[in-house]
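Enquirer: Mind having a look at this structure? Questions to follow.
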Amino acid sequence: MRRLLLLRHAKAAPYSGGGDSERPLTERGRRDAAMMGRYIAAQVLAPDTAVASSARRTRETLDCVCEQFAVTPTIYIEPALYLAEPETLLTHLRRTPAKTLTLLAIGHNPGIAEMAVALTGGGDLDARDRIVHKYPTCSLSAFEFNFDDWRLARFGGAKLLRFATPRDLRASPFGAD
């Protein structure tokens, strides 16, 4: 069995002199990413491997999230994930190292939301409907695959375990700094 955590990057500044790929996180984005990291850790979903696009906002989200884990995962920065579509995300998912049990992938919309919908073949269908409606910044969808080889990943082949947004978590214990 394998698990995938799809996380949209946290709230970023609207513009950066370095262009879209260099947009930094806002202060709210940093707080939300840390909060989501606490949630992931508390739900016993901490990954052993993490991958993020090369954009500054995804790398900063990764840093803020991983600071909340007892053990830092193996980290990969993948330029091809910048604004990637679901087909590209699936191709990279299939290349996940065999030793990885839980993978955290941080990317951008619309690709992350579309990937979450495309992967869902069962599980929490109410959460899937929420994803279709809106996938806010720093939102997380968690999936379970009934296989031991990432090369077998396919659309419709995952069970959606949960979907959590920063708004969901702000009123919970995870929202406390």
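The values are calculated or read from the model by the stated rules, or taken from the named source; none is laboratory data. In this text the structure is predicted, and so the values were computed from the model without any measurement. Every residue, glycine among them, receives a Cβ derived from its backbone with ideal geometry; neighbour counts consider all protein chains shown.
Enquirer: Anything in region 12-55 that is among the hydroxyl-bearing types (Ser, Thr, Tyr) and either without any contact (Cβ under 8 Å) to a residue 60 or more places away in the chain or within 17 Å of residue 68 (Cα to Cα) (or both)? List them, or say none.
Expert: Passing the criteria: 15, 16, 26, 39, 49, 53, 54.
Enquirer: With hydrophobic (A, V, I, L, M, F, W, C), modelled with pLDDT of 95 or more and out of contact with any strand residue (DSSP E or B) (no Cβ under 7 Å at 6 or more places or on another chain) as the only criterion, which of 116, 50, 80, 55 stands out?
Expert: Only one candidate passes the filter, namely 55.
Enquirer: Can you name the residue in region 1-19 that is charged (D, E, K, R) and within 13 Å of residue 137 (Cβ to Cβ) and is also surrounded by the fewest Cβ atoms within 10 Å (Cβ to Cβ) among such residues?
Expert: 11
Enquirer: How many residues, within region 141-171, are assigned to a loop (DSSP other than H, G, I, E, B) and not small (Gly, Ala, Ser)?
Expert: So the count comes out to 7.
Enquirer: I'm checking my understanding of the structure. Among residues of region 131-140 that are part of a helix (DSSP H, G or I) and among the hydrophobic types (A, V, I, L, M, F, W, C), which one is surrounded by the most Cβ atoms within 10 Å (Cβ to Cβ)?
Expert: Per the criteria, the residue is 131.
Enquirer: Okay, next question. Given the criterion surrounded by fewer than 24 Cβ atoms within 10 Å (Cβ to Cβ) and in a helix (DSSP H, G or I), identify the matching residue among 70, 34, 46.
Expert: Every option except 34 fails the conditions.
Enquirer: Would you be able to say whether some residue in region 156-173 is closer than 28 Å to residue 14 by Cα, touching a residue at least 40 places away in the same chain (Cβ under 8 Å) and in contact with a Gly (Cβ under 7 Å, 6 or more places away or on another chain)?
Expert: yes
Enquirer: Which ones in region 114-130 are touching a residue at least 24 places away in the same chain (Cβ under 8 Å), surrounded by fewer than 22 Cβ atoms within 10 Å (Cβ to Cβ) and not in a strand (DSSP E or B)?
Expert: Within region 114-130, 114, 118, 124, 125, 127, 128, 130 qualify.
This table checks each residue for (1) modelled with pLDDT of 95 or more; (2) under 24 Å from residue 73 (Cβ atoms); (3) not hydrophobic (A, V, I, L, M, F, W, C).
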position	(1), (2), (3)
14	no, no, yes
18	no, no, yes
26	yes, no, yes
36	yes, yes, no
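Enquirer: Now for a different question. Has region 15-25 got at least one residue that is closer than 24 Å to residue 153 by Cβ and among the hydroxyl-bearing types (Ser, Thr, Tyr)?
Expert: no
Enquirer: Given the criterion over 21 Å from residue 36 (Cβ atoms), assigned to a loop (DSSP other than H, G, I, E, B) and not charged (D, E, K, R), identify the matching residue among 98, 84. Break it down stepwise before answering.
Expert: Numbers: 84 fails: over 21 Å from residue 36 (Cβ atoms).
The conditions single out 98.
Enquirer: Follow-up question, since we're still on this one. What's the number of the condition residue 106 fails, among (1) assigned to a loop (DSSP other than H, G, I, E, B); (2) surrounded by 15 or more Cβ atoms within 10 Å (Cβ to Cβ); (3) in contact with a Ser or Thr (Cβ under 7 Å, 6 or more places away or on another chain)?
Expert: (1)
Enquirer: Quick check, is residue 22 at pLDDT below 95 and surrounded by fewer than 17 Cβ atoms within 10 Å (Cβ to Cβ)?
Expert: In short, yes.
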